[in-house]
Amino acid sequence: MNHHRRQIWLAVATGILFLGNLSCAAPVLADNIPANNQQLTVQRSTTTAEDNTQVAAKVDNQSATSIARQISSGQLNAQQVVDHTYQKINDENPRLNNVIYQDPADAQQQVQRLQQSSQNPAQDQKQDKPFYGTPILIKGLGQAYKGYSNTNGLPYLEGNTYGYTKNFVKKLQDMGFIIVGSTNYPELGLINVTDSNLYGVAHNPWSLDHNTGGSSGGAAASVAAGIVPVATGNDAGGSLRIPASWSGVIGLKPTQGIILGDSSIPSVVNFAETRNIDDTITLFKGVMNPRRAALLKATPANLRSLKIAYSLTSPVGTSVSKDAQQAILDAVKFLRRQGFTVVEQNSPVDGVKMMQSYYLGALADGSVANFMANQKLHRNLTAADVTNHLISPMTYALYEANRKAPRDTLQKYRAELKLISQQMTAFHEEYPIYLTPTTATVAPLNSEPAFLPDNVQKILKIKDLPFDQQMQLIYDSWLHGLSKTPFTQLANLSGEPALSLPTYVNAAGLPLGIQLQGPNGSDLTLLELGRLFEENHKLIFLNNYLAAKSFGTASEKIVPITGAANVDSIAAESRTGQDALASDLTANQINGELAKTASSTQANPMRRGGYQGSQNTKKNGEEILPQTGDGSAYVLASLGLLSALFSTLFLYRRHN
């Protein structure tokens, strides 16, 4: 009888110990049980330094599609990748000022919705969600996302938010992207540098003293610095290609009207800054308007049948730097070695007349700013708003000139567009591809003003001038900036696609792009030409450049791409030696060196692993919400299960 009682009490004790220890594991295990019969497991986020470092090793400097494949196959946790991206923003933004808005809570909701809507992530990634779970930054101007900042860069609109989401942005989400924030831009996107009264200057990751370019400068800096593999922007006069040139990334301005939501009349075109041709092609096909797919032309079976014209001459008669000329001559030499016929020939378009018309088309921007001033300030804009830093000098100049514009202004503008289109169509019959520098110089210093002080003083009195003199003053004032970037506007006014490729870095360590322009619908042809440069290791990105400078000397000196602040401390090398070194390095060699460095710099304060997502922080006046989950929870679960097992074995042995 006593023996049976001992067995009963032993069973009870064993059960209590087993269940007690199992309770340590149960909460963690329960998180991985699908709810409502869903097959999908909603991934947890971890924010420990160790896990963040592991994520960094898999995503940093990788293409967007590569990251998506790792997430959809379960090799990476989507929320961890998002958390890692926020960590990189927090690390880099104090120096770069490239991100103006971020919303981690919204990003977490996007991740959850993506996971809940996908029964087979790997299959979805191969089909209609090629960027499954990949973080992306969108431009703060013209790319509406509900709840995000909507100020047009004007101080008197600070606090405004979008109440809707633009179709272009929705399409990004449909393709699997997770929107994590918006990027810096100049007021109304009017100038070729990123600086404004509201958001301040965006710093170039290659050299913090220099600008990123504009108007999609924050986007270009984000991609160049390796924060995200893709960041969207828009382009009405070079706003994707100029920052691509000055920040060393790929910038495609698509054919006018071919992208979802874009007008068929020459105006703003939406697309992105990238660092991989396959990503660029996949994104282009995904955001292309299916109703206008007929605009797209087939890529020639033999690319080398395309005759290429190149130019070293500014279309507005300004100087072109030796760096820009050398970039083109290098490209010409490469293309000829590849079997292309390349001849020097300028475009037939009168650049000065073209830009005069371009500024006529920009007049409406001033009236838009004034309309919004009436909504917020209940008055018209004045010259005092320039000196009080409420608007830029050019915004005010355009507003005043538009008030006096003759009725036939729009008609003259459209007539010039028609002429340019006819001229370029005829030009492309002989020269399908037109090669120029993207920019005439490398990036300007941030200390250099967008408009010269003498012109600003004249603009303050522009109200009193007749219309013709107003327009001449606008041309003269813009010429200071235009002289650095006179090549990009042609593609906008003709509606043609143009691609900027990062093929050149000067002796001071500053990048400069080359531009390939083709007839309407030749977008994929341009991208195939871009692939030719990519496959032959002619594209130079910041992380590759830093690795190339250190490769063969001391591998421990190679820094991750986010170590942008170290660029200024690297001594400049000769152009010849730099080209030879870069061309000898394959992408695999460079990425291998970077991976070794990432695992051997535990004490480097530039590393992202120091971030603790469980802490509340403030960034740009917004709260960064604490992240959920902790890698130690799984350790606790394992200990609970082991404890239960050993307790049972102990009681069993004691009984025997």
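Taking Leu499 as meeting all but one of (1) assigned to a helix (DSSP H, G or I); (2) touching a residue at least 12 places away in the same chain (Cβ under 8 Å); (3) over 26 Å from Ala383 (Cβ atoms), write down the number of the exception.
Failing condition for Leu499: (1).
Can you tell me which residues in the range 533-554 are modelled with pLDDT of 95 or more and of a type in the set (Lys, Arg)?
Answer for the range 533-554, where residues must be modelled with pLDDT of 95 or more and of a type in the set (Lys, Arg): just Lys538.
Restricting the search to the range 240-263, which residues are of a type in the set (S, T, N, Q) and either free of Cβ contacts under 8 Å to residues at least 40 places away in the same chain or in a strand (DSSP E or B) (or both)?
Hit for the range 240-263 is Ser263, nothing else.
Filter the range 328-343 for residues that are touching a helix residue (DSSP H, G or I) at 6+ places or on another chain (Cβ under 9 Å) and within 24 Å of Thr485 (Cβ to Cβ); which is surrounded by the most Cβ atoms within 10 Å (Cβ to Cβ)?
Result: Ala331.
What is the one condition in (1) under 25 Å from the mean Cα position of the chain (by Cα); (2) not assigned by TED's automatic domain parsing to the domain that holds Gly176 that Pro290 does not satisfy?
(2)
Among the residues of the range 377-384, is there at least one that is part of a helix (DSSP H, G or I) and either assigned by TED's automatic domain parsing to the domain that holds Ile420 or modelled with pLDDT under 95 (or both)?
Yes, the range 377-384 contains at least one residue that is part of a helix (DSSP H, G or I) and either assigned by TED's automatic domain parsing to the domain that holds Ile420 or modelled with pLDDT under 95 (or both).
Which residues, counting only those in the range 385-417, are closer than 17 Å to Met355 by Cα, over 35 Å from the mean Cα position of the chain (by Cα) and part of a helix (DSSP H, G or I)?
Thr409, Gln411, Lys412
Conditions tested, residue by residue: (1) out of contact with any strand residue (DSSP E or B) (no Cβ under 6 Å at 6 or more places or on another chain); (2) small (Gly, Ala, Ser); (3) over 19 Å from Glu496 (Cβ atoms).
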position: Val269; (1), (2), (3): no, no, no
position: Ala272; (1), (2), (3): no, yes, no
position: Ile281; (1), (2), (3): yes, no, no
position: Val287; (1), (2), (3): no, no, no
position: Asn302; (1), (2), (3): yes, no, yes
position: Leu312; (1), (2), (3): yes, no, yes
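Six or more apart or on different chains, Cβ under 9 Å: which pairs go from a residue in the range 376-390 that's over 15 Å from Glu187 (Cα atoms) and among the small types (Gly, Ala, Ser) to one that's surrounded by fewer than 17 Cβ atoms within 10 Å (Cβ to Cβ) and modelled with pLDDT of 95 or more? Could you list them?
Correct list of pairs: Ala383/Leu460; Ala383/Lys461; Ala383/Lys463; Ala384/Leu460.
Got a sec? Which of Gly563, Gly530 is at pLDDT 95 or above, within 21 Å of the chain's Cα centre (by Cα) and closer than 19 Å to Val223 by Cα? Spell out how you get there, then give the answer.
On the way: Gly563 fails: at pLDDT 95 or above.
Result: Gly530 is the single residue among Gly563, Gly530 that is at pLDDT 95 or above, within 21 Å of the chain's Cα centre (by Cα) and closer than 19 Å to Val223 by Cα.
Could you tell me which numbered condition Gly147 fails, if it satisfies all but one of (1) crowded, with 23+ Cβ neighbours inside 10 Å; (2) at positive phi?
(1)
Given the structure, is Thr280 surrounded by fewer than 22 Cβ atoms within 10 Å (Cβ to Cβ) and either of a type in the set (D, E, K, R) or touching a residue at least 12 places away in the same chain (Cβ under 8 Å) (or both)?
So Thr280 does not fit the description; no.
Answer yes or no: is there a residue in the range 311-327 that is touching a helix residue (DSSP H, G or I) at 6+ places or on another chain (Cβ under 7 Å) and closer than 22 Å to Asn520 by Cβ.
The answer is yes, given that some residue of the range 311-327 is touching a helix residue (DSSP H, G or I) at 6+ places or on another chain (Cβ under 7 Å) and closer than 22 Å to Asn520 by Cβ.
The values are calculated or read from the model by the stated rules, or taken from the named source; none is laboratory data. From a predicted model like this one, the values you see are computed outputs, not experimental measurements. Reconstructed Cβ throughout: ideal geometry from the backbone, glycine too, with neighbour counts over all protein chains shown.
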